[in-house]
1. At 20 °C and 1.002 mPa s, grab the translational diffusion coefficient of segment 30-109 from Stokes-Einstein with a Kirkwood Rh over Cα pairs, rounded to a whole number in µm² per second.
2. Scan [x] 17.9, 54; [y] 25.8, 85; [z] 20.0, 62 for the value of Rg and Dmax of the Cα atoms in Å calculated from this model and give just the label.
3. How many percent of all Cα-Cα pairs in segment 125-189 sit more than 17 Å apart?
4. Run through the DSSP bridge list for the chain and note the antiparallel percent, rounded to the nearest 5.
5. Lys/Arg Cβ at +1, Asp/Glu Cβ at -1, dipole of the chain taken about the Cα centre: which of Ser78, Gly204, Gly30 is farthest positive-ward?
6. Taking GluC sites (Glu not before Pro) as candidate sites, keep only those in a DSSP loop with at most 12 other Cβ atoms within 10 Å, then name the longest stretch of the chain containing none of them.
7. With θ taken as phi - 60° and the coefficients 6.51, -1.76 and 1.60, list the Karplus ³J(HN,Hα) couplings across segment 126-133 in order, rounded to whole Hz; mark glycine and proline as x.
8. How big is the Rg/Rh ratio for segment 43-176, C-alpha atoms only, Rh by Kirkwood, two decimals?
Amino acid sequence: MTTRSGMFYARNGGPARPHLFEVPLRVARGDQVEIFIHQVANLVWMVSDQAAPTLPLLPTLLGEVGADARITITISNSANLTLGYPCQLVGPALIGPLVQGPIAPGAHIAISLSNCANVLLATPEASLMLAQGELIASQSGASLHRHQCGQVNHAMPGSGCVSIVNGELVDELIDTHTLIDCTVDIRVERVANVRCQSLSIVEGELMDESLDADCVLRSKVRISLSDSANVEAG
């Protein structure tokens, strides 16, 4: 694992190499891939006439994943947003789906996010409206760990308004059609918390389901949630 700022990947035990992920990686059958992202795509948006950023802030990392591949994605201190004025975000705002492509049987994907996709309301004028989307989209994988992600905080007590309309701070943690002969491990700590002056939710929630699957057969599922989806307002 690298502690350098940037985006890197290593394949089959080789060295970590810088990579921009302009095109999602394809992972061959049986390959072992490690992706490291640290301290990138943090945005400070303090004035109303500042050019709107391209959202989501992080690119899609993986496309097609071959059978029996082993993939580890570790993202830290990235895709955070500091606001200085009222802002409306629509759709998958800060982190979208990291994996978009067919995943062959036997492949294992582990995703770890730490201090990512948080919003800081930095001034008394700052507010956030999240419409028809989320700060973090659903992900595909068998192992998902999140620590201190998808939160909204105010820098000054008694300031900051948050509105969620037909959306959520964090979408389903894992969204899949079928789990067969799988082991799923979901660990969540300090996720989807809000500290602000006022909070309004219309047809939405702070955090969606931990696991959304149409069919679960012969699988082991472990879900641990702590200090998450709390509100401190006023």
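Read the figures in this text as sums done on the coordinates, not as results from a lab. Predicted model only: the values in this text are computed from it and were never measured. As a convention, Cβ positions derive from the backbone with ideal geometry for all residues, glycine included, and neighbour counts pool all protein chains shown.
1. 148
2. [x]
3. Value for segment 125-189: 53 percent of Cα pairs lie more than 17 Å apart.
4. Bridges in the chain are about 10 percent antiparallel.
5. Comparing the listed Cα positions along the dipole, Gly30 ranks first.
6. 23-202
7. 6, 8, 10, 10, 10, 10, 6, x
8. Reported Rg/Rh (Cα atoms, Kirkwood Rh): 1.03.
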